[in-house]
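First the structure, in the form of C-alpha cells, and then the observations on it.
The values are calculated or read from the model by the stated rules, or taken from the named source; none is laboratory data. Just so it is clear, the structure is predicted and the values come from calculations on it, not from any experiment. Cβ placement follows ideal geometry from the backbone for every residue including glycine, while neighbour counts extend to all protein chains displayed.
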Amino acid sequence: MFFKDESFNEIYNTLHKSLQNNLSVSFKVINPDIFSSKYAGEVVVVDSNKFIYRGYKSWVSLAEILGCKILTPKSIGNFVEITLKKLESNSFHSSSDNDKYGVDSEFAKIDKMQEPSFAYYYIDALKRANIYNRESILNLGINRGDEFRVIDELIGSSEFKSKRCVGVDYSKSAIDMAKDTFKDSAEFYCADINELDSLNLGKFDCLISIGTLQSSSLNYKSLLMELVQNYLNRDSAIVLAFPNCRWIGGEMVYGARVPNYNFSEMGILYSDVIFAKKYLQQKKYRVTVTGKEYIFLTATRIRSALK
Ligand SMILES: C[S@@+](CC[C@H](N)C(=O)[O-])C[C@H]1O[C@@H](n2cnc3c(N)ncnc32)[C@H](O)[C@@H]1O
C-alpha cells in the first residue's frame, strides 16, 4: 500500500477496510523528517512527484482513531513504512471483578504518572493549587497512593511528612498497598466515600479526586457540594480530574465513553465539569480547566472572598 496524495477520507476508508480482516496494516508514505515546519495537507515535491505531507502526529492520531497502535516506522530512502496494529481488547473497564481496582487487577497495570498528558497536567494542577502551602490534603479514590507519591516527589519527603495527607478508597488491597508504601507519612482508610462522615476526618486545605467522583457508586453533584461545604477550610484548593479516555490494550485512548454509545461521547463529561466550575465560582473560587485525556479542574479561593 502506498499513499501519495490521497485525501484523509480515502486513507481512512482503505485502512479501516483492511483492518476488518487483518490484525495489522502496513503502508508507505513520504518520510516527514525530510521537511521542516510543514502542516498536514501541504503539497510537497520529491523527485518531481507530488505528495501530501503528513507528520507522525497525524499518523499516531489516525492509529488511535482506528483502534490501533503504531509500530516503529521503517525508513526506506525518502519514504517510511508505517504499520498499524490493532489494540488487544484487554481493558479494566469491562471487568466485573469485585476488586476491579485492586492490586491484582488489570487497572493496577496502569501507571498514569508515566503518561505525559496525564502527569504534566496533574503536576501543573498541583502547582496552581499551591500544594506546597496546603497543610492538609484529602484524596478520595486514592487507590494505591500514586497521586500522593507525586506530591511527595514534588515538595520533598520531609515536607510531605509534615502535612496531614489522608487517602480514602474502598479497595482493600489497594489501601493495604498504599499503607505499606507510605508507612506513617500518610493516613489511609479503606472505606466507602458514601460513608465518609463516619470517619470524622475534619476539614482540609486541599481536596484531590482523580477519576472517582463520577463513579456509578457515587452521586456526583450532591457529593461535590457536600465536600465543598463540610470538608474544606475557608482558604482551600480543589483538584479534580475527569477521564476523557479509555485504557485499552496498553494504551490510553482519547475520548470518554458512556453507556449506550459505541463511540466516544463527551456530553456527560462536559456537563459534569461545567457543573463543578459554576458551583465553585458561586462559592468564590477561581476555577481553571485544563488537560486532554483527563480534564483537570483546579480551584483556589479568591483572596477577596477570604476577608
Ligand atoms: C478509576 S479509579 C481512580 C484511582 C486513582 N485516583 C487513579 O486515578 O489512578 C477509581 C477509584 O475510586 C475508588 N472508588 C470508587 N467508588 C468508590 C466509593 N464509593 N468509595 C470508595 N472508593 C471508591 C475505586 O476503588 C478506585 O480506586
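Tabulated data
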item	result
Verdict on ILE208 being in a helix (DSSP H, G or I) and either under 27 Å from LYS109 (Cα atoms) or not aromatic (Phe, Trp, Tyr) (or both)	no
Residue that is nearest to the ligand (Cβ to nearest atom) [pool: residues in the stretch 211-243 that are in a strand (DSSP E or B) and of a type in the set (Gly, Ala, Ser)]	ALA241
Subset tally (residues that are among the small types (Gly, Ala, Ser), touching a Lys or Arg at 6+ places or on another chain (Cβ under 7 Å) and more than 14 Å from the ligand (Cβ to nearest atom)) for the stretch 178-207	1
From ILE137, ILE131, ILE82, ILE151, residue being surrounded by 18 or more Cβ atoms within 10 Å (Cβ to Cβ) and either within 12 Å of the ligand (Cβ to nearest atom) or without any contact (Cβ under 8 Å) to a residue 40 or more places away in the chain (or both)	ILE151
Test: residue in the stretch 174-183 that is small (Gly, Ala, Ser), in a helix (DSSP H, G or I), within 24 Å of the chain's Cα centre (by Cα) and within 22 Å of LEU240 (Cβ to Cβ)	yes
Filter result for the condition that a residue is charged (D, E, K, R), touching a residue at least 12 places away in the same chain (Cβ under 8 Å) and surrounded by fewer than 13 Cβ atoms within 10 Å (Cβ to Cβ), over ARG286, ARG257, ARG234, ARG303	ARG234
Enumeration of residues in the stretch 158-177 that are under 14 Å from LEU138 (Cα atoms) and within 11 Å of the ligand (Cβ to nearest atom)	GLY167, VAL168, ASP169
Residue within the stretch 92-102 that is at pLDDT 95 or above and in contact with a Lys or Arg (Cβ under 7 Å, 6 or more places away or on another chain) present	no
Failed item in (1) in contact with a Ser or Thr (Cβ under 8 Å, 6 or more places away or on another chain); (2) under 26 Å from TYR170 (Cβ atoms); (3) β-branched (Val, Ile, Thr), with VAL273 passing the rest	(1)
